[in-house]
Amino acid sequence: MSHRRVVITGTGLISALGTGTEKNWQALLAGTSGISLVSRFDPKKIDTRIAGEVKDFEPEKFIDRREVRRMDLYAQYAMAAAAMAVEESGLPVGPDVPHGYTPERVGVIVGSGIGGISSLEEQHRKGLEKGFDRLSPFFIIQMIVNMAPGLISMRYNCKGPNWAPVSACATSAHAIGEAWKSIKLGETDAAIAGGAEAAITPLGLGGFSVMKALSTRNDDPAAASRPFDKDRDGFVMGEGAGMLILEEMEAAKKRGAKILAELVGYGANSDAYHVTQPAPEGEGAARCMRLALQSAGMNPEDVGYINAHGTSTPFNDANETKAIKAVFGDHARKVAVSSTKSMTGHMLGAAGGYEGVVSALALARGILPPTINQTSPDPECDLDYVPNKAREAKVDAVMSNSFGFGGTNAVLLFKRFS
Amino acid sequence: MSTSVIETKVKGIIADQLGVGEDEIKPESSFIEDLGADSLDIVELVMAMEEEFEVEIPDEEAENIKTVGDAINYITTHKK
């Protein structure tokens, strides 16, 4: 594309494993499950009664109390993760700070798969009870998906491109990829990119449940998310946010930013096959991984670790394994593959952002997080999934896969920075 | 309902919705200029007061409620 290179200088994570990048990273390395019985509401007749709820989030630590009231939980997660990432990076914006980026050249691309569904449920209930002329005047701004990037741009004075991709479980991988592209093309010099999700609500849980997409291992929540294991029976809903600060490399170096990793490739495509099922043999996923490698000018052998989409559904994990084999050939036996969804649950629109941060950390720190709950090997899933225990490994490049309902795929490729 | 009871309740609603301390809320305080409300906050405040005091505040009347004192006066006058 162009000679401009893009680096990661800040991260923010929120998940069932906790609030904060370091807290999440340590929990991932320890192989901790964040899955438990749903506590936020009574799931009553819903077949699945488990999820990866965020338990330690205090919005007032990141957001003015008054603003909190006006924001749906998904946007609170987005804002808090963005605040962490900006603080870690020291992202300078505006002429009043040393090396400040021109505000018009700083983008915010932050998505959500579902958006403000808890606000939607609450206001619909209120409308039925009191009348639809008694809805909160904040309802629409709580619900719409682009309010997260909107609010982040207001706080940090980012006047560049501002939008929210919506592509189900690939949402925030698309956000990061599109932010990368914008910097590569020279439209922008920096971006806040990622995604957030807060859809563990009666409609969210009930909706995925009736699709038979979710695990029903209610009696053993910590063992419910078991990607690539023979006994997997569906995904477990997670929630939270994953946010990255991307900067053009020369500018980041000039200001003395601490560079975590380089984002070198991005692929985006479609299965054009089915609303929920992946294309046979993981055809679309394989094509997307190849696109990411091509965009980086890299070979499969360069990749040492894949942070898999690995949802723990029978379909995804078998197909993703086939797709990896198709792309990586003999190297598929050597590359480490793990799914951190085994611990966080599936964070839907926040998954790509969360796993993008995990990929960058794996590169920078030389440790690969495991796939937990690996007890019964599946003959269809026969790669090295880094079972149960984190592993020290100095890898040069990491691939992060995200595939969504609707047949949408996004793959990111990260490289150790040198 | 006495004016002082109304005043206390109105201040409570404002403090809760605008996230300001009750000691900052004076009868002469302007919702927008002093308490930092925007147009959406005003809509929410009006609706909350309508529900709390069971009064109806038509839009054209709501436009004239600019200070905390205006709100207290309106409710005192219209509350049955």
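Things worth noting here:
- Among A:Gly100, A:Met71, A:Ser338 - extreme Cα towards positive end, dipole of chain A, charges at beta-carbon: A:Gly100
- The relative contact order of chain B, computed from alpha carbon pairs under 8 Å that lie at least 6 residues apart in sequence, is 39 percent.
- Cross-link pairs beyond the 27 Å C-alpha cut-off, checked among A:Lys23/A:Lys415; A:Lys159/A:Lys394; A:Lys23/A:Lys254: A:Lys159/A:Lys394; A:Lys23/A:Lys254
- Each of A:Tyr305, A:Leu37, A:Phe62 was scored by the projection of its Cα onto the charge dipole of the protein assembly as shown, and the greatest displacement toward the positive side belongs to A:Tyr305; charges sit on the C-beta of Lys, Arg, Asp and Glu.
- Computed about the Cα centre, the dipole magnitude for the protein assembly as shown is approximately 1940 debye when only Lys and Arg (+1) and Asp and Glu (-1) carry charge, each at its Cβ.
- For the stretch A:131-188 versus the stretch A:349-373, the gap between their alpha-carbon centres in whole angstrom: 23
- Shape call, the stretch A:1-159: gyration tensor on alpha carbons, a/c limit 1.5: oblate
- Dipole of the protein assembly as shown [Lys/Arg +1, Asp/Glu -1 at C-beta], most positive-end residue of A:Ala296, B:Ala15, A:Asn316: A:Ala296
- Computed from the C-beta positions of B:Glu24 and A:Arg365, the FRET efficiency with R₀ = 60 Å rounds to 0.80.
- For the stretch B:1-68 and the stretch A:281-324, distance of Cα centres in Å: 56
- Distance between the pseudo-spin-label points of B:Thr8 and B:Thr76 (7 Å out from Cα toward the beta carbon): 1.6 nm.
- Span-like helix ranges in chain A, DSSP H, alpha carbon extent 15 angstrom or more, Kyte mean at least -1.0: A:73-89, A:171-184, A:283-296, A:314-328, A:351-365
- GNM on chain A, alpha-carbon springs under 10 angstrom: the most fluctuating residue among A:Gly406, A:Gly353, A:Gly256 is A:Gly256.
- By the combined test of axial Cα extent (at least 18 Å) and Kyte-Doolittle hydropathy (mean at least 0.0), the qualifying DSSP H helices of chain B come to B:3-18, B:39-53.
- Considering all different alpha carbon pairs of the stretch A:181-337, the Kirkwood hydrodynamic radius works out to 18.2 Å.
- Cross-link partners of B:Lys79 among lysines, defined as those whose alpha carbon lies under 16 angstrom from its own and excluding same-chain residues fewer than eight positions apart: B:Lys9.
- Shape call, the protein assembly as shown: gyration tensor on alpha carbons, a/c limit 1.5: prolate
- Helical runs (DSSP H, four residues minimum) scored at -39500 (n - 2.57) apiece and divided by the length of chain A put the mean residue ellipticity at 222 nm at -10000 deg cm²/dmol.
- Contact order, relative form, for the stretch A:89-176: 40 percent (alpha carbon pairs under 8 Å, 6 or more residues apart, mean separation divided by residue count).
- Remark: for residue pairs A:Lys55/A:Lys341; A:Lys181/A:Lys253; A:Lys130/B:Lys66; A:Lys325/A:Lys389; A:Lys55/A:Lys230, the C-alpha separation exceeds 21 Å in A:Lys130/B:Lys66; A:Lys325/A:Lys389; A:Lys55/A:Lys230.
- Overall form of the stretch A:257-415 per C-alpha gyration tensor (a/c, 1.5; a/b vs b/c): rounded
- Structural descriptor for the stretch A:1-119: relative contact order 26 percent, calculated from alpha carbon pairs under 8 angstrom and at least 6 residues apart.
- Computed extension gain for A:Arg4 through A:Glu187, at 0.36 nm per residue and net of the alpha carbon distance, reaches 64.8 nm.
- Of the trypsin sites (Lys or Arg not before Pro) found in the stretch A:33-102, those in coil by DSSP whose Cβ has at most 10 other Cβ atoms within 10 Å are A:Lys44, A:Lys45.
- Highest average first, the peptides A:92-104, A:259-271, A:20-32 ordered by how many other beta carbon atoms sit within 10 Å of their residues are A:259-271, A:20-32, A:92-104.
- Counting only DSSP H runs of at least 4 residues, each contributing -39500 (n - 2.57), and dividing by the residue count of chain B, the helix-based mean residue ellipticity at 222 nm comes to -17500 deg cm²/dmol.
Only the coordinates and a few stated rules stand behind these numbers; no lab work does. Computed from a predicted model, the values in this text were never measured in an experiment. Positions of Cβ are backbone-derived with ideal geometry, glycine not excepted, and every protein chain shown enters the neighbour counts.
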